[in-house]
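The values are calculated or read from the model by the stated rules, or taken from the named source; none is laboratory data. Just so we're clear, the structure is a prediction, and the values are computed from it rather than from any experiment. Don't worry about glycine lacking a Cβ; one is built from the backbone with ideal geometry, like all the others, and counts go over all protein chains shown.
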Amino acid sequence: METTDANPVTEMKISNWNDFSSAQTFPYAHTKDWTLDNAKGNQLVYVWFKDAKGNWTPDPASDQIYLSKESYANADLNQDAKVNQTDLDILKTDFLKLTANLTNPRSDINLDGQCTARDLGIMMSGWKP
């Protein structure tokens with residue numbers, strides 16, 4: 001979040017709650033790492049700003065953030081503490097094994113001779129429930 005003021009902004013107070021319970025004060029910065037609550041979904045973060053004369057903004061600024069609780073730790077298939085091309089290759093190999101004997105040739109959506117995650121991606125991009 002950014003702010004403008006006749007006086008330089010020197011501090012900011014951040015909270016996950018609009019009543020500023022558990023708020024923390026920091027030197028002003030254009031960006032700040034912040035830990036959201038554990039609840040998933042839409043969350044609001046509130047920030048008050050303080051200028052060099054000691055004046056806090058009358059109302060906090062807020063921004064909405066969507067927090068996904070999906071864990072990418074499970075995507076580290078070879079357990080090397082990284083999710084990279086090696087993990088994708090393992091997933092692709094397993095996927096190809098599962099789909100090698102498909103009875104419906106139309107499952108090869110991109111017509112490359114096999115049913116892969118790419119076909120699934122193409123299908124999902126056009127999905128209309």
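Some values worked out for this structure:
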| read-out | value |
| --- | --- |
| Pairs where the first residue, in the stretch 6-29, is without any contact (Cβ under 8 Å) to a residue 40 or more places away in the chain and the second is surrounded by fewer than 16 Cβ atoms within 10 Å (Cβ to Cβ) and among the β-branched types (Val, Ile, Thr), C-beta under 9 Å, 6+ apart | Glu11/Thr25; Met12/Thr3; Met12/Thr25; Ile14/Thr25; Asn16/Thr35; Pro27/Thr10; Tyr28/Thr3; Tyr28/Thr10 |
| Residue count for the stretch 1-55, restricted to those that are outside any strand (DSSP E or B) and at pLDDT below 80 | 11 |
| Residue count, the stretch 86-118 (criterion: surrounded by 12 or more Cβ atoms within 10 Å (Cβ to Cβ), at pLDDT below 70 and outside any loop (DSSP other than H, G, I, E, B)) | 2 |
| Residue tally, condition of a type outside the set (Asp, Glu) and modelled with pLDDT of 75 or more, over the stretch 70-81 | 3 |
| Residue list for the stretch 9-18, filter: over 16 Å from Thr57 (Cβ atoms) and surrounded by fewer than 15 Cβ atoms within 10 Å (Cβ to Cβ) | Trp17 |
